[in-house]
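One structure is given here, and the rest of the page talks about it.
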Amino acid sequence: MSAGPPNEALLPLLVAPLRARPGRLLRLVLWSLVEAVPALLAGHVVALAVDRGFAAGHPLRGLAWLALMGLGVFAGTWATRQAYPLLAEVVEPFRDDLVRQVAQGSLRQAVSGRSVDASGVSRLTLQVEMVREAYAGVLMVVRGFLLTVGGALIGMVFLAPLVLLLVAPPLLAGLALFLVLLRRMATAQRDVIVADERVAETVGAACAAVRDIAACGAESGVRDHLAERIDAQAAASRRLAALMPARVLCLVVAGWLPLLLLLVAAPGLRAGGLSTGAVLGAVTYVMSGLQPAVRSLIQGLGGSGLRLAVALRRIRAAYPPPSPQPGPKEDSARTLPQPRTTAPTAYDVALTAVTFAYGVGADPVFRDLDLTLPEGGHLAVVGPSGIGKSTLAGLISGTLEPESGQIRLGGHPPGALPPEALSARRVLVPQEAYVFSGSLMDNLRYLRPDACEDEVVAAVEAVGAAPLVTRLGGIGTLIDPATLSSGERQQIALVRAYLSPAPLVVLDEATCHLDPAAEARAEEAFTRRPGSLVVVAHRISSALRARHVLVLDGSRVVSGAHQEVLERSPLYRDLVGYWSDDDELSETGAGNEEVPVGNDVVVRANLPRSRS
Ligand SMILES: Nc1ncnc2c1ncn2[C@@H]1O[C@H](COP(=O)(O)OP(=O)(O)OP(=O)(O)O)[C@@H](O)[C@H]1O
């Protein structure tokens, strides 16, 4: 999961749910205006009650004014009751949108061959709940602040405009101070969450590997590593805690300083002609309006607001919304996918001195590997089981990062490309195909939602999945992945990849559950598809179809055209020789099925074990 927030402004994100529901927003504003009545009237009513009632020797009249205020409070409370359900109607769809975003982001990662961190997904869904609560809290606090402070300031304008000069400057200064502080607190809060997650990650990994740690005597190393992360967590928490007292300063400046100035200036105001009631009314506006509103704002934004900002940014960073899909193409272009027109990005592949190992201390699967695949290339990767074919597919596709060396996909490190840009360049179909519950149509065009029905049908035909689609009941049918065989799932994933706009297709034994004829049909379709093709060969026939072959045989890497590799690689000669020596099988071509390249049957094909 990404640790840092994207540079995305939060305000538009928070305002968008309100703007998306203008009717509710209007009703909310109207009820809020009614809610503002007590804040607006408070100072005036007190001034009238004092000047015309209590101070003028008419206590009953004074009480009557205060009773009028009671009516205003009652109206405000009734309006609050009406406004709450409207707030819920804004907040709940906002939560639904976020959940949808997390679910769709996970799906996109799964179908494009990226591994999905299940615990990360569950952490994020918890964060969605946190965002929902915090968003509701922030809406309440900000709305309350605007109503109360707005009402009090307008009330003061009508009561005694001079008072505003004493109240507004410290109020604005305190709020400005708080905004500056809020930015620093948001950064500190994010650091605390990231540090928390790092501790959880280390503890989780250590618990899972406790036997290995004990067996290797690595306890002290793990302990030191964990201690480092706990110290970092404590330091982040201390940094956040150190900022908290500054909130009090903001409250003092924005909430208490206006009151102090008012009290100090009271004799002068009285001497200038302001009545006792008006001075008391101004004090009421500050004490019962401004001050509580400022306190709620500072506490609310400093608590819920920070959680909202950090959690929302992390969700957006982990699962950015998909970029808008291009509109449907002209009818004449609907029969085949057009990768180069929909994704006009470069997609040549270049690996330079790439070294990769699974974990520190493990033997590298590749050391100083160089490989180039120009745009439009067709490469088959051949080698015994466990030699690194899937690892190579992962490196090319950006699901694995090299330990050293460079990988470039269209000139960019694939692992560093944003998910959308990566999906626009390449599609990886792993051995275990991913199919989700839903309509077959949604599954097939998941990587190209704008594909029209003709395009989907053409892709189904091309890949040879028409009998499967007919058997399932047509492309509109709902499917349950659990009822599909591995081969059927592979066919669905192959059509999905064929339809995708990505010009580079990486098939990692993606046809291993198909029979040889079905495999040939699918692979030939991808060969005709515009763009590049990398096939991790399950059968040697895949290599015979490719323009270039890369043989990984443990001690070295041999690549070139079929004939060239045949001359240079004994392993490749063995594989192809076995295939062509078997007359009965070679006549039909179905013999390919008997010479799998990438699993244990290789041993039975008389390949020396030392080569693997
Ligand atoms: N996630 C992993 N963690 C640790 N080691 C791994 C991991 N995945 C693969 N390996 C190891 O890396 C080496 C290369 O594996 P890889 O899956 O790339 O080989 P392969 O040629 O694709 O094999 P196969 O044909 O059986 O799929 C193997 O020794 C394998 O055990």
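Quick check: is even one residue across segment 498-507 of a type in the set (Ser, Thr, Tyr) and over 16 Å from Ala433 (Cα atoms)? Step through it out loud before you land on a result.
Going residue by residue through segment 498-507, those that are of a type in the set (Ser, Thr, Tyr) are 498, 500.
Okay, now just the ones that are also over 16 Å from Ala433 (Cα atoms), so none.
Among the residues of segment 498-507, not one is of a type in the set (Ser, Thr, Tyr) and over 16 Å from Ala433 (Cα atoms), which makes the answer no.
In segment 489-512, is there at least one residue being more than 30 Å from the chain's Cα centre (by Cα) and among the small types (Gly, Ala, Ser)? Spell out how you get there, then give the answer.
Let us first name the residues in segment 489-512 that are more than 30 Å from the chain's Cα centre (by Cα), namely 511-512.
From what is left, the residues that are among the small types (Gly, Ala, Ser) are none.
No.
Identify the single condition in (1) buried (at least 23 other Cβ atoms within 10 Å of the Cβ); (2) under 30 Å from Thr352 (Cα atoms) that Leu444 does not satisfy, given that it satisfies every other one.
Of the numbered conditions (1) buried (at least 23 other Cβ atoms within 10 Å of the Cβ); (2) under 30 Å from Thr352 (Cα atoms), the odd one out for Leu444 is (2).
If a residue counts only when it is of a type outside the set (A, V, I, L, M, F, W, C) and assigned by TED's automatic domain parsing to the domain that holds Leu297, which helices (runs of 4 or more DSSP H) contained entirely in segment 199-274 have at least 3 such residues?
Working: elements: 210-216, 219-243, 245-251, 257-271.
It comes to 257-271.
Please find, within segment 523-563, the residue that is farthest from the ligand (Cβ to nearest atom) out of those that are out of contact with any Asp or Glu (no Cβ under 7 Å at 6 or more places or on another chain) and of a type in the set (S, T, N, Q). Lay out the reasoning, then the answer.
Our first condition is that a residue be out of contact with any Asp or Glu (no Cβ under 7 Å at 6 or more places or on another chain); within segment 523-563, this holds for 523-531, 533-534, 537, 540-541, 543-544, 546-563.
Subsequent filtering for residues that are of a type in the set (S, T, N, Q) retains 527, 541, 555, 559, 563.
Working: Thr527: 22, Ser541: 16, Ser555: 15, Ser559: 16, Gln563: 24 Å.
My answer is Gln563.
(1) within 16 Å of the ligand (Cβ to nearest atom); (2) of a type outside the set (D, E, K, R); (3) not assigned by TED's automatic domain parsing to the domain that holds Val427: which one isn't true of Leu484, the others all being true?
(1)
Kindly list the number of the only condition in (1) buried (at least 20 other Cβ atoms within 10 Å of the Cβ); (2) touching a Gly at 6+ places or on another chain (Cβ under 9 Å); (3) of a type outside the set (Asp, Glu) that fails for Leu306.
Checking Leu306 against (1) buried (at least 20 other Cβ atoms within 10 Å of the Cβ); (2) touching a Gly at 6+ places or on another chain (Cβ under 9 Å); (3) of a type outside the set (Asp, Glu), the one that fails is (2).
Give the residue, chosen from Gly415, Gly386, Gly476, Gly394, that is of a type outside the set (S, T, N, Q) and at positive phi. Please lay out each step first, then the result.
Working: Gly415 fails: at positive phi; Gly476 fails: at positive phi; Gly394 fails: at positive phi.
One residue alone meets the criteria, Gly386.
Would you mind stating whether Thr187 is assigned by TED's automatic domain parsing to the domain that holds Thr80, over 20 Å from Arg316 (Cβ atoms), hydroxyl-bearing (Ser, Thr, Tyr) and out of contact with any Lys or Arg (no Cβ under 7 Å at 6 or more places or on another chain)? Explain how you work it out, then say what you get.
On the way: assigned by TED's automatic domain parsing to the domain that holds Thr80: yes; over 20 Å from Arg316 (Cβ atoms): no; hydroxyl-bearing (Ser, Thr, Tyr): yes; out of contact with any Lys or Arg (no Cβ under 7 Å at 6 or more places or on another chain): yes.
Considered against the rule, which asks whether it is assigned by TED's automatic domain parsing to the domain that holds Thr80, over 20 Å from Arg316 (Cβ atoms), hydroxyl-bearing (Ser, Thr, Tyr) and out of contact with any Lys or Arg (no Cβ under 7 Å at 6 or more places or on another chain), Thr187 comes out as no.
Residues Leu472, Leu514: which one is touching a helix residue (DSSP H, G or I) at 6+ places or on another chain (Cβ under 7 Å) and surrounded by 20 or more Cβ atoms within 10 Å (Cβ to Cβ)?
Matching residue, one of Leu472, Leu514: Leu514.
For segment 376-414, how many residues are within 16 Å of the ligand (Cβ to nearest atom) and either among the polar types (S, T, N, Q) or surrounded by fewer than 18 Cβ atoms within 10 Å (Cβ to Cβ) (or both)? Break it down stepwise before answering.
If we filter segment 376-414 for residues that are within 16 Å of the ligand (Cβ to nearest atom), which is where we start, we get 379-403, 407.
Then drop every residue that is not either among the polar types (S, T, N, Q) or surrounded by fewer than 18 Cβ atoms within 10 Å (Cβ to Cβ) (or both), which leaves 385-386, 390-391, 397, 399, 401, 403.
Adding up the residues that qualify gives 8.
Within the bounds of segment 229-248, is there any residue that is of a type in the set (Val, Ile, Thr) and either at pLDDT 95 or above or within 29 Å of the chain's Cα centre (by Cα) (or both)? Break it down stepwise before answering.
Filtering segment 229-248 down to residues of a type in the set (Val, Ile, Thr) leaves 230, 248.
Now restrict to residues that are either at pLDDT 95 or above or within 29 Å of the chain's Cα centre (by Cα) (or both): 230.
Yes: segment 229-248 contains one or more residues that are of a type in the set (Val, Ile, Thr) and either at pLDDT 95 or above or within 29 Å of the chain's Cα centre (by Cα) (or both).
Within segment 343-351, can one find any residue that is touching a helix residue (DSSP H, G or I) at 6+ places or on another chain (Cβ under 8 Å), modelled with pLDDT of 90 or more and either more than 10 Å from the ligand (Cβ to nearest atom) or aliphatic (A, V, I, L, M) (or both)?
The answer is yes, given that some residue of segment 343-351 is touching a helix residue (DSSP H, G or I) at 6+ places or on another chain (Cβ under 8 Å), modelled with pLDDT of 90 or more and either more than 10 Å from the ligand (Cβ to nearest atom) or aliphatic (A, V, I, L, M) (or both).
Does Arg313 count as within 30 Å of Leu107 (Cβ to Cβ), at pLDDT 80 or above, surrounded by fewer than 23 Cβ atoms within 10 Å (Cβ to Cβ) and assigned by TED's automatic domain parsing to the domain that holds Tyr135? Please lay out each step first, then the result.
Numbers: within 30 Å of Leu107 (Cβ to Cβ): yes; at pLDDT 80 or above: yes; surrounded by fewer than 23 Cβ atoms within 10 Å (Cβ to Cβ): yes; assigned by TED's automatic domain parsing to the domain that holds Tyr135: yes.
For Arg313, the condition - within 30 Å of Leu107 (Cβ to Cβ), at pLDDT 80 or above, surrounded by fewer than 23 Cβ atoms within 10 Å (Cβ to Cβ) and assigned by TED's automatic domain parsing to the domain that holds Tyr135 - is met.
Out of segment 474-494, which residues are in a helix (DSSP H, G or I) and touching a strand residue (DSSP E or B) at 6+ places or on another chain (Cβ under 7 Å)? Spell out how you get there, then give the answer.
Looking only at segment 474-494, we keep the residues that are in a helix (DSSP H, G or I), and these are 481-483, 486-494.
Ala493, Leu494, listed by residue number.
Quick one: count up the residues across segment 415-424 that are surrounded by 22 or more Cβ atoms within 10 Å (Cβ to Cβ) and not polar (S, T, N, Q). Even if it seems obvious, please write down each step before you answer.
Of all residues in segment 415-424, those surrounded by 22 or more Cβ atoms within 10 Å (Cβ to Cβ) come to 422-424.
Add one more test, that the residue is not polar (S, T, N, Q), and what stays is 422, 424.
Here the count works out to 2.
The values are calculated or read from the model by the stated rules, or taken from the named source; none is laboratory data. Remember, predicted model here, so these are calculated numbers, not experimental data. All Cβ positions, even for glycine, are placed from backbone atoms using ideal geometry, and neighbour counts span all protein chains on display.
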